[in-house]
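Colleague: This structure is in structure tokens; I'll ask about it shortly.
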Amino acid sequence: MDRRLREALGFGLFVVRRLLALLITVMVGVYLAIVVANMGGQVDELRLIQIRADVSEAVRGDPGVAPAERAALIDQQVALEVERLRLDQPFVLRSLDYLRRAMLLDLGRAEQMTSDQGSRQVSAIIVERLPATLLLFGTANVLVFVVSVVIALTLSRRYGSAVDRTVVALAPTSAAPGWFYGIFLILVFGFVVPIAPSGGMVTVPPPENPLAYALSVLGHMVLPVLAIFISSIFVSIYSWRTFFLIHSSEDYVEMARAKGLPDRTIERRYILRPTLPPIITSFLLMLIGLWSGAIILEQVFNWPGLGSLLFQAIGFRDTPVIIGGVVIFAYLLALTVFLLDFLYALLDPRVRLGPAGGGR
């Protein structure tokens, strides 16, 4: 068999195996979320009580229904609603059905919450909130990645300098999450020296002019992006500067210097390229950690994203929205892990694929 065809088949098998593994992981996580969100079926029992109360109130408030017919009509309508929601089935069967529909992104209707357009479809509510989360965390992480690589590469040439020692000393500050720094940023720049909005995504009422709207969103992003940036930047610089230092002392780098190659060329070809796999690994693992902190960070800054939606859904005990939010976060995490594996397989020639390599 041609070598390129074998490599293509091996890469295809690698992708399929990783997708299946991530799919199983997502299914387990979502099912656990379904069980917890329903408290083992107790929420459905409370839902039965609420259904009967709502139907009874509606029937008793209808003057066209005779008093003698109300009890039978209530029982009939409650039975229809119970059948529609499949609450007459055992919780195990309902939970498996919830899992099937959740994995297919058939998220159903919310019980309490609505979208800004008044829709109770969970998918509509999530689609309305998801772009805000992607905008905030996407901007912050791209900024962290670019700045960290540039500064780390610069510090690797100035090992032991005052700036280098300062970054090393500040690296432990990244142990605190973004929302922790966010609280102090709000206090300082939102109230003491009010130079940036302390919460929300846009001014109220929102500007009608598109440019003014974009500038308003940009202004409201300053503090949350800065909080994420501060919580990640120093440990990223420290870690990646260490990678650059290790590779800059390799024999092939010394040989390139002996040949008289320019420093920029040496850094690009012989230092930056070999360190890309561990740098991307570190960055995407950091991104996974940031996804997990989205709920608290968005709540601190009143950012109308998926994290704050999930927090509100927990307060309302809106099970379909909770499950829907967990499903989307699970897919985002799985996508991040898959992207990590995919890029690692492409960038690192030591990763062998196919039957001979056995995967990674």
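Here, each number is a calculation from the coordinates, and none is a lab measurement. Predicted model only: the values in this text are computed from it and were never measured. Please note: Cβ atoms are built from the backbone with ideal geometry, for glycine as well, and neighbour counts cover all protein chains shown.
Colleague: What is the distance, in nm, between label points placed 7 Å from the Cα along the Cα-to-Cβ direction at residue 261 and at residue 85?
Modeller: For residue 261 paired with residue 85, the spin-label model returns 6.7 nm.
Colleague: In the range 3-103, how does Rg compare with the Kirkwood Rh, expressed as the Rg/Rh ratio over alpha carbon atoms? Kindly include the intermediate steps, with their values, before the conclusion.
Modeller: Details: Rg = 23.1 Å, Rh = 17.2 Å.
For the range 3-103, the value is 1.34.
Colleague: In what sequence do 241, 257 fall when counting other Cβ within 10 Å, fewest first? Intermediate results must be reported in sequence, preceding the final value.
Modeller: Values: 241 25, 257 14.
Placing the least packed residue first, the sequence is 257, 241.
Colleague: Sticking with this structure for a sec: Identify which of 255, 286, 221 has the largest mean-square fluctuation in a Gaussian network model of the chain, with springs joining Cα atoms closer than 10 Å.
Modeller: 255
Colleague: Can I ask one more? Between residue 276 and residue 6, what is the label-to-label distance in nm when each label sits 7 Å out along the Cα-to-Cβ direction?
Modeller: Label at residue 276, label at residue 6, 2.5 nm between them.
Colleague: For the peptides 111-120, 132-141, 332-341, what is the packing order when you average, over each peptide's residues, the other Cβ atoms within 10 Å and list the highest mean first?
Modeller: Values: 111-120: 13.6, 132-141: 19.4, 332-341: 17.1.
Result, highest mean Cβ count within 10 Å first: 132-141, 332-341, 111-120.
Colleague: Calculate, in nm to one decimal, what residue 269 and residue 114 gain on full extension: separation in residues at 0.36 nm each, minus their alpha carbon distance.
Modeller: Details: separation 155, 0.36 × 155 = 55.80 nm, distance 5.30 nm.
Result for the pair: 50.5 nm of gain on full extension.
Colleague: Given the Cα-Cα distance of residue 147 and residue 130 and 0.36 nm per residue of separation, how much length would full extension add, in nm?
Modeller: Result: 3.5 nm gained on full extension.
Colleague: If you don't mind, another one. In debye, nearest 20: dipole of the range 3-103 around its Cα centre with unit charges on the Cβ of K, R (+) and D, E (-)?
Modeller: 1140 debye
Colleague: What is the sum of charges, Lys and Arg at +1 and Asp and Glu at -1, for the other residues whose Cβ falls under 13 Å from the Cβ of residue 74?
Modeller: Result for the local shell: -3.
Colleague: Among 185-194, 147-156, how do they line up from the highest to the lowest mean number of other beta-carbon atoms within 10 Å?
Modeller: Packing order, densest peptide first, comes out as 147-156, 185-194.
Colleague: Under the classification rounded if a/c is under 1.5, otherwise prolate if a/b is larger than b/c and oblate if not, where does the range 45-92 fall, given a ≥ b ≥ c as square roots of the Cα gyration tensor eigenvalues?
Modeller: prolate
Colleague: Along each of its three principal axes, how wide is the spread of alpha-carbon positions in the chain, in whole angstrom units, largest first?
Modeller: 101, 66, 37
Colleague: Give, in nm to one decimal, the length gained when the segment between residue 68 and residue 314 is fully stretched (0.36 nm per residue of separation minus the Cα-Cα distance).
Modeller: That pair, residue 68 and residue 314, stretches by 84.5 nm at full extension.
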